[in-house]
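> Handing you a structure now.
The values are calculated or read from the model by the stated rules, or taken from the named source; none is laboratory data. These figures come from a predicted structure and were not determined experimentally. Ideal geometry is used to build each Cβ from the backbone, glycine not excepted, and the neighbour counts take in all protein chains shown.
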Amino acid sequence: MEHPWPPPGGALNLSEVENQRHKELNSARALTDRIEVVDGSFEDIPYPDDRVDVIWSQDAFLHSGNRVQVLEEIARVLRPGGHLIFTDPMAVADGGSTDVLQPILDRIHLDDMGSPGFYTRELNRLGFTAVDDGFEEHRQQLVNHYTRVLEETKRQEAEGLARKISHDYLAQMKKGLGHWIDGGREKHLTWGIFHFRLDADG
């Protein structure tokens, strides 16, 4: 029997481990028939054209080596009038300071980062219109988040985490978190919420 597409909600993720965990949580909460977990990449979304009403993504586009393709795929699967809402850690501007960004890029194995200007420009090109201002910046939340992660890492290290994870790994992790914190404080990095709507004639 052909599965009716789409179900009330779909969750696309490249990680099989995370998807399995998601399925288990859905089952425990009687949500299996409400959320379909899909193995796949947002660079090649396994959905038909013009079939999705709303796409929500949280801090994921950062990890793509081809963000233009991600946005093009989103424009393909969204229905005209559909909404895209997403968050992402970003460089403040295109071509940001190499000295500041390079240690972060090296750690997450990427060549570059997006920026508010990049996302706004590409979404406009693809036929999207900003809802309200389109982008709501919350740079301090990036600093708060990584500061808290660093504090918790140090706390757990003092309580014996180093017996389970190597000192070298923890040292590199703390160094990397420091780069994120400094980048945010020095206004080289930012974070925020985007909300765009695909034009009805897009």
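> Among the residues of segment 34-49, are any small (Gly, Ala, Ser), farther than 13 Å from Ala11 by Cβ and under 19 Å from the mean Cα position of the chain (by Cα)?
Taking every residue of segment 34-49 in turn, at least one turns out to be small (Gly, Ala, Ser), farther than 13 Å from Ala11 by Cβ and under 19 Å from the mean Cα position of the chain (by Cα).
> Would segment 180-193 turn up any residue that is closer than 30 Å to Asp49 by Cβ, touching a residue at least 24 places away in the same chain (Cβ under 8 Å) and assigned to a strand (DSSP E or B)?
Within segment 180-193, one or more residues are closer than 30 Å to Asp49 by Cβ, touching a residue at least 24 places away in the same chain (Cβ under 8 Å) and assigned to a strand (DSSP E or B).
> Failed condition for Gln140, given (1) of a type outside the set (Gly, Ala, Ser); (2) within 29 Å of His83 (Cα to Cα); (3) surrounded by 14 or more Cβ atoms within 10 Å (Cβ to Cβ); (4) touching a residue at least 40 places away in the same chain (Cβ under 8 Å), with all others met?
Failing condition for Gln140: (3).
> Let me ask something else about it. Suppose we keep only residues that are of a type in the set (A, V, I, L, M, F, W, C) and modelled with pLDDT under 90 within segment 1-30. Which one would you say is nearest to Ser57 (Cα to Cα)? Give the steps one after another, and end with the answer.
We begin by selecting, within segment 1-30, every residue of a type in the set (A, V, I, L, M, F, W, C); these are 1, 5, 11-12, 14, 17, 25, 28, 30.
Subset that is modelled with pLDDT under 90: 1, 5, 30.
Details: Met1: 31, Trp5: 20, Ala30: 23 Å.
Looking at residues that are of a type in the set (A, V, I, L, M, F, W, C) and modelled with pLDDT under 90, I get Trp5.
Residue by residue, here is whether (1) of a type in the set (S, T, N, Q); (2) at pLDDT below 95 holds:
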site	(1), (2)
Tyr47	no, yes
Ser57	yes, no
Arg79	no, no
Leu110	no, yes
Phe128	no, no
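> Does segment 66-76 contain any residue that is among the acidic types (Asp, Glu) and modelled with pLDDT under 95?
The answer is no; no qualifying residue exists.
> Of the residues in segment 119-170, how many are within 25 Å of Gly184 (Cα to Cα) and β-branched (Val, Ile, Thr)?
5
> Might you check whether a residue that is within 20 Å of Asp59 (Cβ to Cβ), charged (D, E, K, R) and free of Cβ contacts under 8 Å to residues at least 12 places away in the same chain occurs anywhere in segment 151-171?
So far as segment 151-171 goes, yes, one or more of its residues are within 20 Å of Asp59 (Cβ to Cβ), charged (D, E, K, R) and free of Cβ contacts under 8 Å to residues at least 12 places away in the same chain.
> Go through segment 165-196 and report how many residues are among the polar types (S, T, N, Q), surrounded by 12 or more Cβ atoms within 10 Å (Cβ to Cβ) and more than 15 Å from Gln140 (Cα to Cα).
1
> Run down Thr87, Thr129, Thr120, Thr32 and say which single residue is of a type outside the set (A, V, I, L, M), out of contact with any helix residue (DSSP H, G or I) (no Cβ under 8 Å at 6 or more places or on another chain) and over 14 Å from Ile193 (Cα atoms).
Among Thr87, Thr129, Thr120, Thr32, only Thr129 is of a type outside the set (A, V, I, L, M), out of contact with any helix residue (DSSP H, G or I) (no Cβ under 8 Å at 6 or more places or on another chain) and over 14 Å from Ile193 (Cα atoms).
> Something else: Looking only at segment 69-87, which residues are farther than 23 Å from Arg107 by Cβ and of a type in the set (A, V, I, L, M)?
Correct list: Leu71, Ile74, Ala75, Val77, Leu78, Leu84, Ile85.
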